[in-house]
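*Asks:* Attaching a single structure in structure tokens format; questions to follow.
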């Protein structure tokens, strides 16, 4: 039985850990490591599907990856991003798509935006679906924001983020992701909010942190945002393994007798 969203995201003073995952094997590893929650982010578009932005990700693609992740966990709650235009068109469409993600096994859904989505959030929550908010740098709106830049640096924009957080809280979100905002603003946001603030590029004073799993594992050495700490360099390890495999095949070192089948021991000795 999965751990409830309420239990994971209660304000206990213990920082919440969350990472993204997009498939079965990595979801199993995330749960085995004891991470509190998994986000099936629309970042799957950039990280796994090779898209230029999250805007290109569809509902069908999100459903596919949510189902894969859910099959890989037993207890860890899975939060699913609602992709671009799956909730902006109408409240009815948003509710329908949120329901599709829940039927796929998600424990909750996540929406980007503040005031403009508050009523939609409230409608979804009223129907019994837990919702996580997302403020600051909202990748689905990156064209309006002028690129992937730190948000909330001016007094006016910081105030808007604080007001949006209040509106989302009133609408019923259980937590809010704060992405790429100044650390001082994130601290103020965490102190004023009654729901946990989960930071990504928002400093150490949030109620928890989230990172893209492929970034912290070093799958892509070309993408190095300031807020990411690379805990491993799997890109190098994978490359070395592939090169070793190629060389062993070319030199007929693989497969060896231990990887082959024989009709008898005599046949093995004759061949090897």
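*Asks:* Considering the range 31-55 alone, what residues qualify as being part of a helix (DSSP H, G or I) and either out of contact with any helix residue (DSSP H, G or I) (no Cβ under 7 Å at 6 or more places or on another chain) or farther than 29 Å from residue 169 by Cα (or both)?
*Replies:* Answer for the range 31-55, where residues must be part of a helix (DSSP H, G or I) and either out of contact with any helix residue (DSSP H, G or I) (no Cβ under 7 Å at 6 or more places or on another chain) or farther than 29 Å from residue 169 by Cα (or both): 31, 32, 46, 47.
*Asks:* Look at residue 28 and say whether it is in the same structural domain as residue 199 (by TED's automatic domain parsing), touching a residue at least 12 places away in the same chain (Cβ under 8 Å), more than 15 Å from residue 214 (Cβ to Cβ) and over 16 Å from the mean Cα position of the chain (by Cα).
*Replies:* So residue 28 does not fit the description; no.
*Asks:* Oh, and also: Filter the range 11-25 down to the residues that are part of a loop (DSSP other than H, G, I, E, B), out of contact with any helix residue (DSSP H, G or I) (no Cβ under 8 Å at 6 or more places or on another chain) and in contact (Cβ under 8 Å) with a residue 60 or more places away in the chain, then identify the one that is nearest to residue 108 (Cα to Cα).
*Replies:* Top of the filtered list is 11.
For (1) in contact with a helix residue (DSSP H, G or I) (Cβ under 9 Å, 6 or more places away or on another chain); (2) at positive phi; (3) loosely packed, with under 12 Cβ neighbours inside 10 Å; (4) not assigned by TED's automatic domain parsing to the domain that holds residue 53, each residue gets a yes or a no:
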residue: 226; (1), (2), (3), (4): no, no, yes, no
residue: 243; (1), (2), (3), (4): no, no, yes, yes
residue: 257; (1), (2), (3), (4): yes, no, yes, yes
residue: 261; (1), (2), (3), (4): no, no, yes, yes
residue: 265; (1), (2), (3), (4): no, no, yes, yes
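*Asks:* Taking the range 224-272 as the region of interest, how many residues are assigned to a loop (DSSP other than H, G, I, E, B) and either over 30 Å from residue 203 (Cβ atoms) or over 32 Å from the mean Cα position of the chain (by Cα) (or both)?
*Replies:* Selection size over the range 224-272: 12.
*Asks:* Conditions: (1) surrounded by fewer than 20 Cβ atoms within 10 Å (Cβ to Cβ); (2) more than 21 Å from residue 26 (Cα to Cα). Residue 64 meets all but one. Number of the miss?
*Replies:* (2)
*Asks:* Does residue 85 fit the bill of being surrounded by fewer than 24 Cβ atoms within 10 Å (Cβ to Cβ) and out of contact with any strand residue (DSSP E or B) (no Cβ under 9 Å at 6 or more places or on another chain)?
*Replies:* yes
*Asks:* So in the range 96-111, with the set limited to residues that are in a helix (DSSP H, G or I) and surrounded by fewer than 24 Cβ atoms within 10 Å (Cβ to Cβ), which one is farthest from the chain's Cα centre (by Cα)?
*Replies:* Going through the qualifying residues, I end up with 96.
*Asks:* Surrounded by fewer than 16 Cβ atoms within 10 Å (Cβ to Cβ), part of a helix (DSSP H, G or I) and touching a residue at least 60 places away in the same chain (Cβ under 8 Å): is that true of residue 6 in this structure?
*Replies:* Yes.
*Asks:* Additional query: Report whether or not residue 47 is closer than 11 Å to residue 27 by Cα and in the same structural domain as residue 216 (by TED's automatic domain parsing).
*Replies:* no
*Asks:* Related question: Pick from 94, 98, 106: which is in contact (Cβ under 8 Å) with a residue 60 or more places away in the chain and over 22 Å from residue 206 (Cβ atoms)?
*Replies:* Selected residue: 106, the only one of 94, 98, 106 that is in contact (Cβ under 8 Å) with a residue 60 or more places away in the chain and over 22 Å from residue 206 (Cβ atoms).
*Asks:* Select from the range 56-85 the residues that are over 15 Å from the mean Cα position of the chain (by Cα) and assigned to a helix (DSSP H, G or I) and write down the one among them that is farthest from residue 8 (Cα to Cα).
*Replies:* Filtering the range 56-85 for residues that are over 15 Å from the mean Cα position of the chain (by Cα) and assigned to a helix (DSSP H, G or I), the one farthest from residue 8 (Cα to Cα) comes out as 56.
The values are calculated or read from the model by the stated rules, or taken from the named source; none is laboratory data. None of these values were measured; they are calculated from a predicted model. As a convention, Cβ positions derive from the backbone with ideal geometry for all residues, glycine included, and neighbour counts pool all protein chains shown.
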